Amino acid sequence: MNAAPTASNTDFLLSVEGLTVSFDGFKAVDDLSLYVDRNEIRVIIGPNGAGKTTVLDLICGRTKATAGSIKFEQTELTTMKEHQIVRAGVGRKFQNPSIYEDLTVFENLEISYPKGRSVFGALMFQRDATVRARVMEIAETVFLQDHLNLRAEYLSHGQKQWLEIGMLLIQDPALLMLDEPVAGMSVAERKKTAELLQRIIQNRSVLVIEHDMGFVEDIAHKVTVLHQGKVIAEGSMAHVKQDPRVIEVYLGH
Ligand code: ADP
Ligand code: MG
């Protein structure tokens, strides 16, 4: 592997260094370092149990690190609470969509609009117009502009995934983390999801966990391969695909 760059002299959006978490002596993530550029789509791949989801849990503050550092912009995340990390600009989507089934698409997006960002004071109607415009913009980004008044329970599985991505996007996170976003999607929905990620990358970086190698090839700028809590390979998909270790522990199966 190439010599790791150091966070101090390079302008990464996210710099993870020496990250370790131990569950009763078992190291699910073991001395992991990872550097994500601005406007980068990074994909983490690896066998089940490799520690991929745990890495996202650590970054979003759901799990506390045993050792190591997670720097986002200039901020150290390991000492922060989950809601503070969200406010700092990190959005995270879990494997199962958490949307409000009994609310419409519009309402799901509207309630996800960040509170307390209003600069309009008492001018409620002006705020409403701003929120409405933002909801429309996001709905279009996630292919749901024609379903604004549909209750979310009637959306397809793929559309529900997109709605949840929209609910995160409306908060304008600088880092968006997605855990297996295309699992259970049709081929057509996977293609559209790849297009969606390309669209939203202008203002942010995306960290994705995925098993669908076709999808990974479509979207990844760089791939990090995890095995037993450690990085075993990193680089372009073309590069890691040829790595004998990666083939042995993951791609060969
Ligand atoms: P992946 O997402 O790569 O499939 P995970 O990050 O979910 O892997 O899990 C990595 C390992 O850590 C697994 O062996 C899992 O059982 C273990 N693990 C994850 N979370 C916990 C926890 N809260 N307590 C104990 N063990 C855990
Ligand atoms: Mg997982």
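Every number in this text was worked out from the coordinates using simple rules, so none of it is lab data. Since the structure is predicted, the reported quantities are computational estimates derived from the model, not experimental observations.
Values computed for the structure shown
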read-out: For the chain, share of DSSP beta bridges that run antiparallel, in % to the nearest 5; value: 55 percent
read-out: Over the range 99-172: Rg over Rh, Cα atoms, Kirkwood Rh; value: 0.99
read-out: Crossing angle, helix 157-169 versus the chain [Cα axis fit, 0-90 degrees, rounded to tens]; value: 90 degrees
read-out: Gyration tensor over alpha-carbon atoms, the range 1-97, equivalent ellipsoid semi-axes in Å; value: 19, 17, 15
read-out: Entries of K52/K192; K81/K192; K27/K222; K81/K222 with Cα pairs more than 31 Å apart; value: K81/K192
read-out: Helix 124-141 vs. the chain, principal-axis angle (Cα, 0 to 90°, nearest 10); value: 50 degrees
read-out: For the chain, alpha-carbon Rg relative to the globular expectation (2.2 N^0.38 Å, N residues); value: 1.04
